[in-house]
Amino acid sequence: MLMKNLILLAVFLVIAGSLYYTEVYKAEERAEIERTAKLIFNVDKDEINSLTLSVQKEHGSGKAHLELSKNDDGLWTVKQPVEDKANNGEVDRLVAEITELQQTRLVTDSPKDLSEYGLKEPISRLTFKTKGNDKAYELHMGRRNPVGYTTYVRRFPEKSVYLVNASIESYLTKNVTDLRLRKPFDIANRKDIATLSLAFNSGEKILLRQQEGKWNVEKPFACKLDQGAVDRLADAFRDLRVDYFITEEPEDIVNYGLDKPALFITATFFDSQRKPVSLTIGKEAKGKQPDDPSKDLAGWFAQTNLRKTVYVIAKYQQEKLAKSLNTLRDRTINPNIDPRKVPKLHLSFNGEKPVEIVKDGHRWRVTGDKGFVCDKLMVERVIDAVSSLKTEAFVADNVSSLYKWGLHKPTLSVDITKETTSGNEVISTHFAWKEKKMVYVTIGDKKSVYRVKSDVLLKLPELRVSLLTKRLFDIIDKNYVKLVEIEAAGLENVCLERTKKAGETDSWKLIRPAAQKVKNNKADEWMMRFRSMKATDYLQEGREFNLSQFGLNTPMAKVVITPRDKEKEPFWLKVGAITEDKLFHYACCSTRDAIFKIRRKDAKLFLAPSFLNVSSAAIKDDSTGLYTPTAQEAKELPQAVFLTEKGVFRTILFEKEAPNTIANFASLAEKGFY
């Protein structure tokens, strides 16, 4: 039984192998034979070593007669109409198209009149030879077939006419510009370049030298360069490509503006045996192409020191090469500064006495009488802005006077002290808002003037106060406070004292409006909220405030805090009018030379202190003639405090008489509906 199965398996394998050989392998072989039969030329592309292309009629790129040959290294050379290196990639693609060219249909074996197919005087003739063979292969290309994307061709001297894919037309109508090497300089790597010199018709001359992969400027003066920008300039010179070849023997270079060039560039190399190369860029090219008047010239006339040929280079290439020194300079004005290594900085506004900001542990603090804390993020933002400051334009160098740009009296001066291994270094930067959108800058030596973006820091009126921390008061804890005094509209003056007696814990005592106890947890909560109060926005800075504009000449509330430490002065906060959006109150305080906004929720700290036991004695009788509750009623009934643009008033809510209404009102009030 086993032997029988093995025999059946062997028979199956033989049959399967036979079928594969017949159906697959033979099918591939037949397909290859059919493909080969359709080839116009059955020639190996690598064997072709010479080409002649003649475009007989006005077609495609115009009239042309080209002769090319390939050397033993596989590199093509143009022999006619000029002798020059060929673009190997383009020539190889042409050769590949010819050797892969297939007929789509045999039109006729014996044409009566070749002119019917445009082959009596063909548009293009291509002749090529192969290695070790004197036989010449020739292809004639006629006109386009009016039906389908095909073109008439024939193998000369045969008479048969074929149709082939019309894409061959673009290859058989090339001119010398298409097949000639368009790269005039043979520079493998920009690191081979030792120097680059640029001379402009404006008189500007630049000499750049490369040392250990880094570029330095030697002329017209030493300055820091943008290494990437100079690398791009060197790459543009190395990769320069010709857009069009004008003439090999110019009669007069004046016609091309090459006698007085717009730009002259020379490159020398680290290899002392290698001669320098140079490029002369003349005037802008205009008019029509000599070989094809249907096409416009666009770009700039140019010439190298390697041959007399006049070229046209593209406009974008000229723009990459025509770089003035200012476009190559490093636009970073100051060195990088690590905020962690800055112990202090000075800010001076409009020539005023500088404000010194010093690092105090993890905080920044302004020195002086007030010594208030600064916004850490904002101070570091200023340091970062000065550190990363970049110029939009280099305005002037080696200046003798800064008056023209308003920098003799800068709008803002920033002196940053930076810690270094050799000691402290001061980096000075001066700003002048000369015009609305023009900010001029000079640095320590005041020899150069730069123009920067107008929003490089912050708008000047906001900068001084933006440095202030949003937190208004630097109160360490509740024991820091001795007295809290509150004056508010619709409320009798309140005085809250933090008492401390031997053998007893600290507690709060309400001195006014009546000597009574307050709940310590309520007072502690009130003080915690007061300590953490922040300004949401600074509006106006400086000592001359327009208080009436913000309702601060007759404030809705005022709070005065007296520290326990007798050496520290009391500080105050005033709450003014409600903002137009109804979300904030205007405010000012003794620790800020500014008017700012606080949330309405924070304003309630003074207009309706949460630690206060409400009684009829705490509510001023406005003698309106309306119902006034008894003292007992005032203690038991809830109250609502209304803060309006006109002032503050209180109401007692009779929840027994209207429980649903009061509950609904209280719920909406707690949710911030009003």
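The values are calculated or read from the model by the stated rules, or taken from the named source; none is laboratory data. What you see is a predicted model; the values in this text were computed from it and never measured. We place every Cβ from the backbone using ideal geometry, glycine too, and count neighbours over all the protein chains shown. The protein model used for the area step is the full one, side chains on, heavy atoms only, and it has no ligands, DNA or RNA in it. Shrake-Rupley method; radii C 1.70, N 1.55, O 1.52, S 1.80 Å.
Some values worked out for this structure:
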read-out: Cβ-derived FRET efficiency at R0 25 Å, residue 229 paired with residue 445, nearest 0.05; value: 0.60
read-out: Heavy-atom SASA rank of 599, 592, 365 (probe 1.4 Å, accessible area, largest first); value: 599, 365, 592
read-out: Computed Kirkwood radius, in angstrom, where 1/r is averaged over Cα pairs of the range 174-279; value: 15.6
read-out: Spin-label pair residue 528/residue 63, simplified geometry with 7 Å Cα→Cβ offset, distance in nm; value: 9.8
read-out: Backbone N under 12 Å from the residue 270 label point (7 Å along Cα→Cβ), restricted to the range 204-234; value: 210-214
read-out: Residue 156 long-range amide H proximity, modeled H, under 5 Å; value: 138, 139, 140
read-out: Selection from 202, 102, 115, by position along the positive dipole direction of the range 84-217 (Cβ); value: 202
read-out: Surface per residue (accessible, 1.4 Å probe) for the range 130-252, Å²; value: 49
read-out: Length released on extending from residue 471 to residue 73, taking residue separation times 0.36 nm less the Cα-Cα span; value: 135.5 nm
read-out: Peptide ranges 100-106, 295-301 listed from the most packed, as the mean C-beta count within 10 angstrom indicates; value: 295-301, 100-106
read-out: Among the listed pairs 38/135; 214/390; 283/320; 320/453; 45/320; 214/283, those beyond 27 Å (Cα-Cα); value: 45/320; 214/283
read-out: Simple label model, 7 Å out from Cα along Cβ direction - residue 247 to residue 11, nm; value: 8.9
read-out: Label-point gap, in nm, between residue 105 and residue 82 - each point 7 angstrom along Cα→Cβ; value: 4.4
read-out: Cα convex hull of the range 108-164 - mean projected area over all directions, nm²; value: 4.3
read-out: Pairs beyond 25 Å (Cα-Cα), from 63/286; 63/85; 260/308; 224/275; 129/288; value: 224/275; 129/288
read-out: Those aspartates and glutamates that a straight Cα-Cα span of less than 18 Å connects to residue 131, excepting residues fewer than 8 apart in one chain; value: 44, 46, 47, 67, 72, 73, 92
read-out: Estimated FRET transfer efficiency (residue 384, residue 666; beta-carbon r; R0 60 Å; 0.05); value: 0.80
read-out: Hypothetical label at residue 315: residues of the range 256-300 whose amide nitrogen lies under 17 Å (7 Å Cα-Cβ projection); value: 282-289, 295-300
